[in-house]
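First up is the structure itself, then whatever we jot down about it.
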Amino acid sequence: MLKSRWQVEEVQQGCDLHGDYEHWRGVDMALRTFTAVLHKEEDLYVAECPEVGTVSQGYTIEEAIANLKEATELYLEEFPQ
């Protein structure tokens, strides 16, 4: 089992993100740290983020982590914590 950490900048709840970048300048952002726990299943690496519950996979460790980051960011956009 391997572990890795990454950070995601996310918008604070209750902020309106509609409009262009100029509208976003006053929006409060929070920096959160997430963990990727990896294990190998046959020819794939499986990566899980225990803080959120997202899971992804890839043929390399780097690909599995990149896919997990993308899946976690998309999840947090849809279901802010």
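State yes or no: is Val52 at negative phi, among the β-branched types (Val, Ile, Thr) and modelled with pLDDT under 95? Reasoning before the result, please.
Numbers: at negative phi: yes; among the β-branched types (Val, Ile, Thr): yes; modelled with pLDDT under 95: yes.
So Val52 fits the description; yes.
Take Leu38 and decide whether it is touching an Asp or Glu at 6+ places or on another chain (Cβ under 9 Å) and at pLDDT 90 or above. Here the answer is yes, as Leu38 does meet what is asked. Annotation: of all residues in the stretch 27-63 being among the small types (Gly, Ala, Ser) and within 11 Å of Ser4 (Cα to Cα), the one that is surrounded by the fewest Cβ atoms within 10 Å (Cβ to Cβ) is Ala36. For the stretch 48-77, a residue qualifies if it is over 8 Å from the mean Cα position of the chain (by Cα), among the charged types (D, E, K, R) and either part of a strand (DSSP E or B) or farther than 17 Å from Leu31 by Cβ (or both), and the qualifying residues are Glu48, Glu62, Glu63.
The values are calculated or read from the model by the stated rules, or taken from the named source; none is laboratory data. Keep in mind the model is a prediction, meaning the values are calculated, not measured. When we count neighbours, we look across all protein chains shown, and the Cβ atoms used for this are built from the backbone with ideal geometry, even at glycine.
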